[in-house]
């Protein structure tokens with residue numbers, strides 16, 4: 001399978017670029033990936049990681065905040081997708097922050113392990129990379145609901161952190177990719193957190209199970225909402241795409257409903 | 001169990017020996033190592049067992065104690081394999097529970113599912129298909145030491161022999177009176193520090209069993225974020241050690257949002273449900289209804305080191321006690337449709353617990 005062959009997800013995100021002259025289409029944009037218990041959206045993160053660390057350009061830096069899995073897991077998964085995270089880490093293109101055991105209690109502003117300090121670390125990496133002329137910086141958070149738990153439920157605290165990371169996208173042109181679980185919030189009366197995240201996001205990718213249930217050939221459906229796409233005339237509009245997917249070890253197949261060959 | 005090599009990607013190592021040194025471990029794809037759940041059918045459904053480093057959560061049904069069956073088999077299997085065990089429960093004296101653990105079934109030849117040994121002694125039925133059962137026959141003839149099997153069939157009517165329990169690394173903790181979970185967390189951290197995960201070969205695997213974690217009699221049970229934080233740190237600690245933690249909890253005692261958060265934390269998510277006695281509608285729909293004790297649902301299967309989800313043929317299984325002793329899981333089978341009744345039911349593999357309305361949802 002050709003690594004650079006565009007698939008439906010790349011098209012929906014605007015990552016198809018034959019001339020490679022345009023800058024990274026996701027720069028200065030916030031991507032929110034939502035999933036559920038029945039269907040995991042982690043494969044979207046893996047796909048974006050692979051695209052961000054593509055070998056043809058050495059300008060890419062990824063800062064990965066891992067709350068969910070250790071490095072060994074991502075290393076193995078991405079290796080099967082054709083991307084060597086260990087080598088990228090040694091080349092200072094992939095910064096992995098293992099936050100599985102970290103706690104971020106609110107009110108600990110002076111604490112060197114708090115969210116404020118974490119933001120400081122990220123900001124330092126981003127600004128140094130920017131000064132080294134690395135223009136395509138991506139910050140990935142996997143996953144946001146665990147960051148809430150680490151902060152012991154202090155929603156405003158983690159939202160502030162998210163907004164600060166958002167300022168980085170404006171200041172340095174980096175992109176922010178966050179994974180969250182939508183079904184946690186769907187039963188709350190005023191799901192402020194998820195609504196604010198959806199408002200902040202420029203691209204919303206939702207992974208859901210099929211309405212008809214489980215299937216071996218189709219693992220779920222993906223809905224991509226891309227806000228403010230500028231088309232040739234210069235006017236902006238929203239674009240929604242919906243298609244099905246099937247996850248494999250070495251990649252993901254995307255296809256329109258009913259057209260699985 | 002036959003150690004058939006599953007289809008692996010080109011990045012998996014070729015492993016020469018599988019079970020010679022450590023009978024309680026089985027190597028799986030993507031560099032995972034499995035330990036048995038203590039229920040042979042469940043191991044098969046989950047593709048080998050519980051992978052080391054994973055968190056298994058079982059959602060209880062408040063009306064039935066079936067999650068105890070899963071816990072008992074899990075704990076017994078660990079003791080038989082001499083894997084250190086940490087058991088936490090909301091009772092005042094958790095050690096008492098150890099007396100209810102089942103013992104491995106003595107031999108396989110009284111199970112009607114497998115090959116019938118009477119063929120050899122009495123009537124010799126000349127059927128040519130005996131040659132295809134070569135593997136099972138070897139299991140019979142050789143007097144295999146009970147300890148060398150990966151997964152045992154536990155006899156729920158006989159308690160575990162004393163020598164398995166005494167002199168073992170068993171730690172029992174009561175979570176009834178823990179005011180805050182920090183001390184509990186440290187206790188678990190000390191236990192898990194015995195099984196660090198590193199690249200060198202693994203010496204032994206640990207098992208953690210926590211029963212009814214958010215039970216209302218525990219003092220911390222209304223501190224929702226603290227409980228969630230504990231589960232998160234347990235998950236992270238287990239991830240970096242060669243151990244498996246099984247946590248059961250009643251989701252009806254948590255708010256929906258928190259219940260979902262707990263479910264997302266789990267690597268493997270199961271739920272058990274009670275079956276109402278004497279439900280005539282169910283008896284009509286399913287075969288073997290009288291033998292069923294409950295239903296087991298598999299919601300999520302652990303995906304460590306891989307992104308491919310596991311799609312099972314069926315996610316709902318009936319829990320039966322074979323000969324009232326051995327726990328088996330069977331997929332649901334629809335009863336033959338009575339030709340005199342005019343309605344047809346269509347095809348469905350799952351069935352809701354209370355089908356009082358008589359309609360199947362599929």
Of the residues A:179, A:204, which single one is more than 14 Å from chain B (Cβ to nearest Cβ), modelled with pLDDT of 90 or more and either within 19 Å of the chain's Cα centre (by Cα) or buried (at least 19 other Cβ atoms within 10 Å of the Cβ) (or both)?
-> A:204
If you scan region A:181-213, which residues turn out to be within 20 Å of residue A:252 (Cα to Cα) and touching a residue at least 40 places away in the same chain (Cβ under 8 Å)?
-> A:203, A:204, A:205, A:206, A:207, A:208, A:209
Residue A:153 versus (1) in contact with a helix residue (DSSP H, G or I) (Cβ under 8 Å, 6 or more places away or on another chain); (2) part of a helix (DSSP H, G or I); (3) farther than 30 Å from residue B:308 by Cα: which is the lone unmet condition?
-> (2)
Meets criteria (outside any loop (DSSP other than H, G, I, E, B) and at pLDDT 90 or above) for residue B:272 | yes
Surrounded by fewer than 18 Cβ atoms within 10 Å (Cβ to Cβ), touching a residue at least 12 places away in the same chain (Cβ under 8 Å), within 11 Å of chain B (Cβ to nearest Cβ) and at negative phi - does that describe any residue in region A:217-240?
-> yes
Could you tell me which residue of region A:1-24 is modelled with the lowest pLDDT, considering only residues that are part of a loop (DSSP other than H, G, I, E, B) and crowded, with 16+ Cβ neighbours inside 10 Å?
-> A:24
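Each row is one residue, and each column tells you yes or no for (1) touching a strand residue (DSSP E or B) at 6+ places or on another chain (Cβ under 7 Å); (2) crowded, with 16+ Cβ neighbours inside 10 Å; (3) outside any helix (DSSP H, G or I).
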| position | (1), (2), (3) |
| --- | --- |
| B:200 | no, no, yes |
| B:203 | no, no, yes |
| B:209 | yes, yes, yes |
| B:214 | yes, yes, yes |
| B:217 | no, no, yes |
| B:222 | no, no, yes |
| B:233 | no, yes, no |
| B:237 | no, yes, no |
| B:246 | yes, yes, yes |
Residue match in region A:119-132 (condition: within 14 Å of another protein chain (Cβ to nearest Cβ), buried (at least 18 other Cβ atoms within 10 Å of the Cβ) and either in a helix (DSSP H, G or I) or touching a helix residue (DSSP H, G or I) at 6+ places or on another chain (Cβ under 7 Å) (or both)) | no
Unique residue being at pLDDT 90 or above and either within 18 Å of residue B:304 (Cβ to Cβ) or not in a loop (DSSP other than H, G, I, E, B) (or both) when the list is B:11, B:74 | B:74
Would you mention how many residues in region A:50-82 are in a loop (DSSP other than H, G, I, E, B), in contact with a strand residue (DSSP E or B) (Cβ under 9 Å, 6 or more places away or on another chain) and either under 26 Å from residue B:264 (Cβ atoms) or more than 13 Å from chain B (Cβ to nearest Cβ) (or both)?
-> 8
Where residue B:242 falls short, out of the listed (1) closer than 23 Å to residue A:67 by Cα; (2) within 12 Å of chain A (Cβ to nearest Cβ) | (2)
Just one of the numbered conditions (1) touching a strand residue (DSSP E or B) at 6+ places or on another chain (Cβ under 6 Å); (2) within 14 Å of another protein chain (Cβ to nearest Cβ); (3) in a loop (DSSP other than H, G, I, E, B) is not true of residue B:83; which one?
-> (2)
Have a look at B:347, B:306 and point out the one that is at pLDDT below 80 and not in a strand (DSSP E or B).
-> B:347
Among the candidates B:194, B:211, B:263, which residue alone is under 21 Å from residue B:319 (Cα atoms), under 24 Å from the mean Cα position of the chain (by Cα) and at pLDDT 85 or above?
-> B:211
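Residue-wise test of (1) in contact with a helix residue (DSSP H, G or I) (Cβ under 6 Å, 6 or more places away or on another chain); (2) closer than 26 Å to residue A:106 by Cβ; (3) within 7 Å of chain A (Cβ to nearest Cβ).
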{"site": "B:233", "(1), (2), (3)": "yes, yes, yes"}
{"site": "B:252", "(1), (2), (3)": "no, no, no"}
{"site": "B:255", "(1), (2), (3)": "no, yes, no"}
{"site": "B:258", "(1), (2), (3)": "yes, yes, no"}
Filtering region B:279-307 for residues that are away from chain A (no Cβ under 14 Å), under 27 Å from residue B:51 (Cα atoms) and in contact with a helix residue (DSSP H, G or I) (Cβ under 6 Å, 6 or more places away or on another chain) leaves a count of 1
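The values are calculated or read from the model by the stated rules, or taken from the named source; none is laboratory data. Remember, predicted model here, so these are calculated numbers, not experimental data. Heads up, the Cβs are rebuilt from the backbone with ideal geometry, glycines too, and the neighbour counts pull from every protein chain shown.
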